[in-house]
Amino acid sequence: MDLGVRGDFPILEREWEGRPLIYLDSAATSQKPRAVIEAVAEHLEKHNANVHRGVYALAQEADAAYDGARRKVAEFVGADPKTTIFTKNVTEAINLVAYAWGRANVGEGDAVVITTMEHHANIVPWQMLCREKGSELRYLEVDEHGVLDPAGLDRELERGDVRLVAFTHVSNVLGTINPVAEMTARVRAAGAVSLVDGAQAVPHMPVDIGAVGADFYAWTGHKALGPTGIGVLHGRRELLQEMPPFLTGGDMIASVDFQSATWNELPYKFEAGTPPVAEAVGLGAAVDYLSTLGMERVRTHERELTWYMLKRLSEVPGLRVVGPPDAAGRGGLASFAIEGMHPHDVAELADRGGVCIRAGHHCAQPLMRRLGMSATARASVGIYNAPEDIDALVAALAAGRKVFGL
Ligand SMILES: Cc1ncc(COP(=O)(O)O)c(C=O)c1O
């Protein structure tokens with residue numbers, strides 16, 4: 001239950017009041033290995049120039065670095081580099097689809113279906129689209145274990161008005177791993193388009209874009225050991241070719257006349273302006289690092305650690321974990337409430353024990369309403385965590401309960 005990689009992460013050498021930093025908030029953002037930090041620094045120190053514009057050798061090095069990073073990122077998830085678009089984050093990737101595909105393909109009387117376990121990034125863009133187009137936004141519900149009812153998807157699709165179904169691969173609150181390949185197949189069979197939010201999946205388990213079968217699959221670099229400021233959208237070629245661009249300006253055009261313009265080839269049609277070059281290089285180094293470790297190993301490690309976390313948390317009196325009861329059906333996180341303590345107090349008291357966990361609505365307020373809660377505390381693991389980190393959390397929670405006289 002220890003991959004022995006903690007030493008690769010310089011930030012984890014920091015200490016608070018003589019105690020090592022214990023980071024259990026990887027679902028919010030991951031820490032960065034030295035290999036990523038050095039790749040970004042080396043790019044900026046030695047290869048920096050703008051991309052797709054220069055004829056000089058240095059500019060060509062920058063081009064090679066950027067397009068090379070795209071190839072690595074695409075290969076990491078079995079996707080085609082030509083249909084792998086760099087964005088700012090997963091939020092921008094989903095907005096790209098909602099604006100470019102959505103505004104051209106969803107109209108009055110159509111429906112968009114999402115689930116009650118979505119992050120706001122996969123809710124608000126669809127609310128905006130549906131309001132603008134006079135379309136209906138409907139939700140698939142989760143049961144008391146935080147699992148979607150497959151019959152609910154069929155019922156929605158049978159209504160015949162669904163244009164798009166968007167759902168998360170892994171819930172950032174419940175941890176639920178959705179059966180994405182089954183769901184995208186049903187959506188496709190009904191003639192609708194699917195979008196999968198892979199923000200909590202790609203960093204933690206093997207993901208093969210072809211096997212998932214989604215029309216659009218989006219994820220975010222900073223949760224996958226990469227820098228902030230870089231996200232990824234994989235799209236089905238035919239759809240990307242037909243859709244209008246999202247942001248417009250430099251680099252995404254083939255030619256510009258006084259009143260009109262034509263679009264560059266894929267993927268550049270969707271990358272307006274100077275792209276996040278150093279960030280892409282950093283993400284390339286991150287997926288290299290993860291590939292060397294092996295994503296099967298990463299998943300096994302995090303599943304075992306989650307099993308241990310669920311077991312240890314169940315020993316804390318008054319603590320209730322939301323989501324699937326066993327580690328096999330969930331990603332590496334546990335959201336929980338402790339009777340008699342507000343989640344923000346739980347996170348603050350954990351911090352006093354040197355343990356970083358998150359508290360709040362986790363950008364999933366509709367789900368919180370369904371759960372009848374305003375907030376939870378959430379502990380989430382990464383490749384650098386070990387059972388001792390969970391033990392430190394449980395010890396901090398026990399100390400916190402004492403502070404509250406529980
Ligand atoms: C499931 C899910 N979707 C989307 C996001 C948004 O990610 P970003 O802020 O990188 O766009 C997050 C981040 O917490 C997430 O967990």
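Restricting to segment 156-208, name every residue that is part of a helix (DSSP H, G or I) and not small (Gly, Ala, Ser).
Correct list: 156, 157, 158, 180, 182, 183, 184, 186, 187, 188.
Considering every residue within segment 120-128, establish whether at least one is within 16 Å of the ligand (Cβ to nearest atom), over 21 Å from residue 202 (Cβ atoms), free of Cβ contacts under 8 Å to residues at least 60 places away in the same chain and buried (at least 21 other Cβ atoms within 10 Å of the Cβ).
For segment 120-128, residues within 16 Å of the ligand (Cβ to nearest atom), over 21 Å from residue 202 (Cβ atoms), free of Cβ contacts under 8 Å to residues at least 60 places away in the same chain and buried (at least 21 other Cβ atoms within 10 Å of the Cβ): present.
Only one of these is small (Gly, Ala, Ser) and either within 16 Å of the ligand (Cβ to nearest atom) or without any contact (Cβ under 8 Å) to a residue 60 or more places away in the chain (or both): 64, 35. Name it.
On inspection, the qualifying residue turns out to be 64.
If you check residue 286 against the conditions, is it among the hydrophobic types (A, V, I, L, M, F, W, C), buried (at least 23 other Cβ atoms within 10 Å of the Cβ) and either touching a residue at least 12 places away in the same chain (Cβ under 8 Å) or touching a strand residue (DSSP E or B) at 6+ places or on another chain (Cβ under 6 Å) (or both)?
yes
Identify, from the list 255, 194, 291, the residue that is modelled with pLDDT of 95 or more, surrounded by 15 or more Cβ atoms within 10 Å (Cβ to Cβ) and small (Gly, Ala, Ser).
Just one listed residue meets the conditions, 194.
Between residues in segment 256-282 that are under 13 Å from residue 246 (Cα atoms) and residues that are of a type in the set (Gly, Ala, Ser), which pairs lie under 7 Å by C-beta distance while being six or more apart or on different chains?
Qualifying pairs under 7 Å: 263/254; 264/254; 272/249; 272/250; 273/249; 273/250.
Against the condition under 19 Å from the mean Cα position of the chain (by Cα), buried (at least 22 other Cβ atoms within 10 Å of the Cβ) and in contact (Cβ under 8 Å) with a residue 12 or more places away in the chain, how does residue 323 come out, does it pass?
yes
For residue 137, which of the numbered conditions (1) away from the ligand (no atom under 16 Å from the Cβ); (2) outside any strand (DSSP E or B) fails to hold?
Of everything listed in (1) away from the ligand (no atom under 16 Å from the Cβ); (2) outside any strand (DSSP E or B), residue 137 misses just condition (2).
Does segment 215-232 contain any residue that is in a loop (DSSP other than H, G, I, E, B), away from the ligand (no atom under 16 Å from the Cβ) and touching a residue at least 40 places away in the same chain (Cβ under 8 Å)?
Within segment 215-232 (the criterion being in a loop (DSSP other than H, G, I, E, B), away from the ligand (no atom under 16 Å from the Cβ) and touching a residue at least 40 places away in the same chain (Cβ under 8 Å)), the answer is no, since none of the residues qualifies.
Here's the yes/no breakdown for (1) part of a helix (DSSP H, G or I); (2) open to solvent by 50 Å² or more (accessible area, probe 1.4 Å); (3) among the acidic types (Asp, Glu):
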| site | (1), (2), (3) |
| --- | --- |
| 44 | yes, yes, no |
| 61 | yes, yes, yes |
| 73 | yes, no, no |
| 98 | yes, no, no |
| 113 | no, no, no |
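Scan segment 212-248 for residues that are buried (at least 18 other Cβ atoms within 10 Å of the Cβ), out of contact with any strand residue (DSSP E or B) (no Cβ under 8 Å at 6 or more places or on another chain), closer than 29 Å to residue 38 by Cα and of a type outside the set (Gly, Ala, Ser) and jot them down.
The answer is 222, 223, 225, 227.
The values are calculated or read from the model by the stated rules, or taken from the named source; none is laboratory data. Since this is a predicted model, take the numbers as computed values, not measurements. Note: ideal-geometry Cβ built from the backbone for every residue, glycine included; neighbour counts use all protein chains shown. With ligands, DNA and RNA removed, areas are computed over all heavy atoms of the protein, side chains included. Shrake-Rupley method; radii C 1.70, N 1.55, O 1.52, S 1.80 Å.
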